[in-house]
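Everything on this sheet refers to the single structure shown next.
The values are calculated or read from the model by the stated rules, or taken from the named source; none is laboratory data. Predicted, not measured: the structure shown is a model, and the values here were computed from it. Note that we place each Cβ from the backbone using ideal geometry, even for glycine, and neighbour counts take in every protein chain shown. Protein only, heavy atoms only, side chains kept; ligands, DNA and RNA dropped before computing areas. Shrake-Rupley method; radii C 1.70, N 1.55, O 1.52, S 1.80 Å.
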Amino acid sequence: MTDHTRFPSDAAPSWHLAEDDDHDSVGNGATVLGFWIYLMSDALIFASLFAMFGVVRTSYAGGPMPHEIFELPLVALNTALLLASSITFGQAMPHIEAGRVGATRFWLAVTGLLGAGFIGIELYEFSTLIAEGAGPQRSAFLSAFFTLVGTHGAHVTVGLLWIGVMLVQLGQHGLSQPMKRRLICLSMFWHFLDIIWIGVFTFVYLFGVLR
């Protein structure tokens, strides 16, 4: 009789632990699912911008044409920077899984530097075009170009701010489960921006110059 009453009390802590683990797992899954839904809505925004650009991409209104203003070597360098940042973020993921804070912060910092270089070159391109009289008000083509590329650049800037916040929080909290979840979402966001940029480079720059 004594043994019979002891087993339920011994099993209770294990039952509560399993319940906590299940709760964490459900929370993680809900967060990632919610972020996937956000990315899909963001993809619809970019799809609309691509469609708008496709409609007006030949509406030059007597202004400059793509092959007259786009510098493919510079854009190719910018593309290489962003793709390299995706690779460096990928290098951080095994360290995140293993709980290595120092290595995670290092690769995140490298990713942030590459992303900052991308934004710097994009700002240089925008300022040069505006100085040459090829600003967004010059034609429908340029308005669509600045809107599409600028929206992507704004997203990269948000990603850079997010990386900065994560670097600070990693130093404060380490690689706790909530931190890993946030970094997974950040990784999804950053790779999503790389995919969008490949579309921008191909559809806007490459096809524009080769027309």
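Structural remarks
- Radius of gyration (Cα atoms) of the chain, expressed as a multiple of 2.2 N^0.38 Å: 1.39.
- Accessible area (Å², per residue) of the chain, counting only protein heavy atoms and a probe of 1.4 Å: 52
- P(r) tail, the range 139-199: Cα-Cα pairs separated by more than 20 Å, 40% of all pairs.
- Across the range 47-111, Cα pairs under 8 Å and at least six residues apart give a relative contact order of 26 percent.
- For the range 162-178, 3J(HN,Hα) computed residue by residue from phi via the Karplus equation (6.51, -1.76, 1.60; θ = phi - 60°) reads 5, 4, x, 5, 5, 4, 5, 5, 5, x, 8, 10, x, 9, 6, 4, x Hz, glycine and proline entered as x.
- Contour excess over end-to-end distance, with Cα ends at Leu72 and Val158 and 0.36 nm allotted per residue: 28.4 nm
- Crossing angle, helix 2-56 versus the chain [Cα axis fit, 0-90 degrees, rounded to tens]: 10
- Whole-percent carbon and sulfur share, accessible surface of the range 124-211, 1.4 Å: 67
- Here the Karplus relation 6.51 cos²θ - 1.76 cosθ + 1.60, evaluated at θ = phi - 60°, turns the backbone of the range 191-203 into coupling constants of 5, 4, 5, 4, 5, 4, 5, 4, x, 5, 4, 6, 6 Hz, with x for every Gly and Pro.
- Cα coordinate range in the range 85-186, projected on the principal axes (Å, largest first): 52, 22, 19
- Computed from point charges on the beta carbon alone (+1 for Lys and Arg, -1 for Asp and Glu), the dipole magnitude for the chain about its Cα centre is near 520 Debye.
- Ile130 contributes about 100 Å² of solvent-accessible surface, heavy atoms of the protein only, 1.4 Å probe.
- Here the Karplus relation 6.51 cos²θ - 1.76 cosθ + 1.60, evaluated at θ = phi - 60°, turns the backbone of the range 140-157 into coupling constants of 5, 4, 6, 4, 5, 4, 5, 5, 5, 5, x, 5, 5, x, 5, 5, 5, 4 Hz, with x for every Gly and Pro.
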